[in-house]
Each structure stands twice: as structure tokens, then as C-alpha cells.
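Notes for the one structure printed next.
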Amino acid sequence: MATGLALGLLAGVLAGCGPGEPAPGIVLVVLDTLRADRLGCLGGPRPASPHLDALAAEGVLFEEAVAHASWTLPSMAALLAGRLPTATVFDGRLRESLVEQLADAGFETAAFTEGGYVSATFGLDLGFGLFREQEGEVGLFRGGGEAGKGGIERTFAAAVAWLGQVGDRPFFLLVHTYEVHAPYRRRHFARDPPPPGLGPTFELADVLRIRRGLLPVGPREQAWLEALYDGGVLEADRHVGELDFELRRLGLAGRTTLAVTSDHGEDLGGRFPNYAGDHGHALYEEQIRVPLLLRGPGLPAGRRIRDPVRLVDLLPTLLEIAGLAPPPGLDGRSLLPLLRGGDPPPPETLLRTTGEAGKPARVGLRSGRFKLVVSDPLAHPRTPSMELFDLEHDPAERHNLAEEEPELRARLRARLRTLRTRERTEGPPRYALPRELPAELEARLRALGYLPPSAPGRSGGAGRPSSTP
Ligand SMILES: [Zn+2]
């Protein structure tokens with residue numbers, strides 16, 4: 001596409017829906033737990049993402065998109081708010097969401113999610129006129145049977161049915177699935193017999209056996225898990241392809257921006273063998289780097305952006321595509337100026353995991369090519385309390401520079417403290433679970449591995465208590 005034409009179209013995007021122009025539509029797909037590096041277009045080892053790769057060729061691929069946290073609730077809160085969560089943004093429930101602005105502007109707003117943390121219980125329905133969760137069973141409650149039609153079928157079917165009645169109104173649709181999340185039951189790439197000790201699928205019971213040291217994970221087990229995981233990626237990819245087909249069939253594609261991302265990645269056992277099939281316990285790239293794809297009217301095709309961007313930038317971008325000005329005070333910035341050749345958003349992201357009672361067990365700063373992670377030694381006695389990596393020369397984060405580069409370490413540490421200033425003044429976000437969880441939601445969180453399996457007297461403390469090492 002000629003540059004001038006691309007700029008003209010981008011200007012059209014900025015204009016939103018003027019008189020006579022079709023009303024904008026936005027579909028945001030969140031494929032929970034999808035590591036960026038498993039996509040073909042980002043160097044993945046298997047043909048697991050043909051539709052997402054095609055989407056990248058038709059639109060914009062952000063190669064370095066980073067989540068603020070490595071588990072669902074803080075990441076989704078940051079994504080929807082366009083802000084790094086403080087107590088003002090999230091105090092057990094989401095208190096501000098940019099979806100409200102879309103609804104106020106007359107957009108039909110709907111979400112189809114598979115529950116768990118993506119739930120109205122945590123206020124994530126804020127701004128949505130329709131918020132339907134647990135649309136499918138996610139395959140999580142089916143007892144180890146053949147991987148067949150899981151929750152994703154129903155979730156996407158419900159979303160497509162909703163799209164079928166949207167007519168010519170402006171709309172914002174969120175579709176969220178746990179298809180890629182453990183358990184892994186898609187055997188597209190795992191046709192060989194499993195390694196000894198593992199079954200044909202990778203179940204939550206396996207995650208727990210590994211966690212307890214009852215099942216050692218070595219290269220063979222890792223390769224098996226990767227094959228199963230990539231099967232889930234292929235399945236999720238297929239549904240995105242079908243959703244895209246439906247957008248065209250319904251005549252919506254011409255006015256609809258399709259965004260696809262994830263809330264965090266996954267540890268497939270290559271980092272912490274005891275945490276194979278889990279996430280939320282660390283801030284390494286495999287857990288925080290996510291796909292981010294945008295395709296829509298006025299957006300360039302086949303554009304790859306190497307500048308680091310953050311999930312908090314996504315909703316401000318979609319607001320601008322919708323013709324709305326993002327409110328002041330956000331951490332996120334619209335990425336449209338970057339596509340027009342302007343300055344990228346600040347190349348730094350505050351990172352955090354959560355430990356007991358919502359206190360951060362690790363905080364970090366990903367700044368340009370460097371990443372600093374500070375870990376609570378009580379929560380993480382087996383990792384250095386300070387880690388510093390050069391992502392450009394050491395993308396696998398194996399060589400800790402914290403001792404070798406004291407000045408750089410001090411500089412990043414000071415910046416990290418500055419970035420946490422608002423967290424100190426407004427109070428840290430509170431991810432504690434409510435005292436009374438709806439029974440169905442509690443069962444779902446347990447099935448996802450977020451609560452202990454038997455939970456004799458759930459401590460009612462921190463979010464994700466079973467996963468923080
Ligand atoms: Zn998640």
C-alpha cells in the first residue's frame with residue numbers, strides 16, 4: 001500500500017464514524033495463556049497458527065507486546081482500564097474501565113467469556129451491556145475424556161450469534177477463551193505415545209503431581225507438553241479463523257477492527273520444571289510476552305512493529321479507532337500515532353506478580369532491551385532477589401547481569417520505584433478473593449488450578465494462592 005494512501009486511511013480511522021460512514025465495530029479476542037513465541041508469525045516451531053498468521057499479514061503485528069502481570073486478573077484489569085492497577089482501579093473489583101466510555105458513546109457492548117477470573121464477580125463486566133460468562137465448559141469439568149467440543153465452541157458460537165443481530169450499530173465485542181490454558185487436551189501435534197507417567201492428555205492432576213515433585217519433568221516431558229499446548233493454540237486459531245469468516249459473511253468485516261491478544265503466557269517446564277503448565281509465578285518473557293494483532297479498516301496491512309508496546313495501550317488504541325479520545329491519566333497510549341510514524345509509547349512496563357495477601361512477590365521493569373526483576377526472598381527463596389537481563393543479547397534470560405552491572409541495576413531500580421509512586425499513594429491493587437465466592441465460580445477457579453484441589457477452609461487471602469511458589 002502506498003504510504004500516502006495508508007496515512008489517509010489512518011486519518012479516516014482517526015475520524016471515527018462521520019456522517020454517512022458506517023459505524024465502527026470492534027472485536028477483541030483474548031486467547032488466555034497464549035505465549036507469543038508459539039505463533040508461526042513470531043517464530044513458533046509448529047504450524048499452529050495459520051489464521052493468526054494470515055491476520056498478521058492482513059494487518060498489524062506487534063512483535064514485542066507485553067502484559068503487566070503473568071496471571072489473568074491483574075492483566076485483564078490493566079487491559080480494560082488502560083491503567084496499571086492501583087487500589088483505585090482494582091480493589092477486589094474493577095472500578096474503572098474504558099469499556100464504559102464506549103458504552104457512553106452509544107456502542108453496543110458485549111462480552112462472552114469463560115469465567116474464572118474473567119468474571120462479573122471481579123467487576124470485569126463494568127461497561128458491558130451484556131456480559132455472559134462460563135458460556136462453555138472449557139473442557140475443564142469433563143473427566144479426562146477425549147478432547148472434543150469444549151467451551152470454545154460455545155463461546156465463539158454465542159459471540160457470532162450476537163454479531164448476527166448487531167445490525168448497523170457501533171459495537172464493541174470481547175470474546176475470551178481458556179482453550180490454550182491447562183489442561184491440554186488437543187492432540188493435533190502429540191500423536192506419539194506419551195512419556196512414562198503421563199497420559200494422552202495433560203490434566204490438572206498432572207500439574208499438581210509435577211508441582212509436588214511426584215513427576216519429574218525433563219526434556220522429553222517438556223517436548224510432550226509443548227506438542228499438546230500447540231494443539232490448543234491450533235484449536236484457538238481455528239476459532240479465530242471461523243470468527244473472521246463470520247465477520248465477512250455477516251457483512252461486518254468492512255467496518256470492524258479485529259484485535260487478538262492474550263493476557264499472559266505460560267511456563268511449559270523449560271524454566272521451572274515444577275511449574276510446568278502454569279503461570280503467574282514469574283515475570284520471564286515466556287510468561288509476559290503475548291501476541292497482539294490488529295486488522296481493520298484504515299489500518300496498514302502486513303505491518304510488523306518491533307517497538308515494545310504494552311497491553312495497557314490496547315484499549316486506548318481501540319478507543320481512538322472508535323473515534324473517541326482516551327481520557328487523561330491513563331498509563332496506556334494509543335498505538336495509532338506509532339503506525340503513522342510517530343513516537344512509540346514509553347518503552348517501559350511495570351511488571352508484578354502477587355504473593356500472599358496481594359503483596360507483590362515479584363516486581364519488575366521491562367525497559368527497552370533491559371529487564372529488572374526484584375523478588376521477595378521469603379516468597380522465592382530459590383531465585384536471586386535481583387535479576388537483570390539484556391533481552392537483546394540474552395532473549396532467553398539465562399545470564400543475570402545484576403552483579404556485573406551495578407549502575408544499570410541502580411538506575412532501573414530507581415525508575416521502578418518512581419513508577420510505583422502512584423501505587424503507594426493510591427494503595428496497591430487488592431486481588432484478594434471475596435469471602436463468599438459463588439460455588440460455581442469457586443469450582444471453576446479450582447478447575448483452572450487457581451485454588452487448591454480440596455481447599456479445606458480456603459484461606460481467603462491472596463489471589464492465586466496455589467500458584468505462587
Ligand atoms: Zn489468564
Kirkwood Rh, angstrom, region 159-224 [1 / mean 1/r, Cα pairs]: 15.0
Accessible carbon and sulfur surface of region 59-118 relative to its total accessible area, %, 1.4 Å: 34
Span-rule helices in the chain, defined as complete DSSP H runs reaching 24 Å or more along the axis (Cα) with Kyte mean at least -0.5: none
Most to least packed among 59-72, 164-177 [average Cβ atoms within 10 Å]: 59-72, 164-177
Carbon/sulfur fraction of accessible area - region 153-293, other protein chains in place, 1.4 Å, %: 56
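Considering only protein heavy atoms and a 1.4 Å probe, what is the carbon-and-sulfur percentage of the accessible area of region 361-427?
Details: 1970 of 3800 Å².
Reported share for carbon and sulfur atoms: 52 percent.
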Cβ-defined net charge surrounding Gly164, 10 Å radius [Lys, Arg +1; Asp, Glu -1]: 0
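Rounded to the nearest 500, what is the chain's calculated 222 nm mean residue ellipticity when only DSSP H runs of at least 4 contribute -39500 (n - 2.57) each, over all residues? Intermediate results must be reported in sequence, preceding the final value.
Working: 13 runs with 136 residues, N = 469.
My calculation for the chain gives -8500 deg cm²/dmol from helical runs alone.
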Ranked by how many other beta carbons lie within 10 Å on average, peptides 180-189, 379-388 from highest: 180-189, 379-388
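Counting only C-alpha contacts under 8 Å and six or more residues apart, can you give the relative contact order of the chain as a whole percent? Provide the component values of the computation, followed by the final result.
Values: 1027 pairs, mean separation 111.9, N = 469.
It comes to 24 percent, rounded to a whole number.
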The chain - accessible surface per residue (Å², probe 1.4 Å): 37
Calculated on alpha-carbon atoms, Rg and Dmax of the chain in Å: 21.0, 65
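What FRET efficiency comes out for the pair Asp192/Glu242, r = Cβ-Cβ distance, R0 = 30 Å, nearest 0.05?
Details: r = 29 Å, r/R0 = 0.95.
Efficiency for this residue pair is about 0.55.
Sorted by average packing, counted as other Cβ atoms within 10 angstrom per residue and highest first, what order do 272-284, 438-450 take? Could the numbers behind the result be given before it?
Details: 272-284: 24.1, 438-450: 18.5.
Ranking, from highest mean packing down: 272-284, 438-450.
The values are calculated or read from the model by the stated rules, or taken from the named source; none is laboratory data. Treat the numbers as computed from the prediction; the structure is a model and nothing was measured. FYI the Cβ positions are ideal-geometry reconstructions off the backbone, even for glycines, and counts take in every protein chain you see. Areas reflect the complete protein model, heavy atoms only, side chains present, ligands, DNA and RNA absent. Shrake-Rupley method; radii C 1.70, N 1.55, O 1.52, S 1.80 Å.
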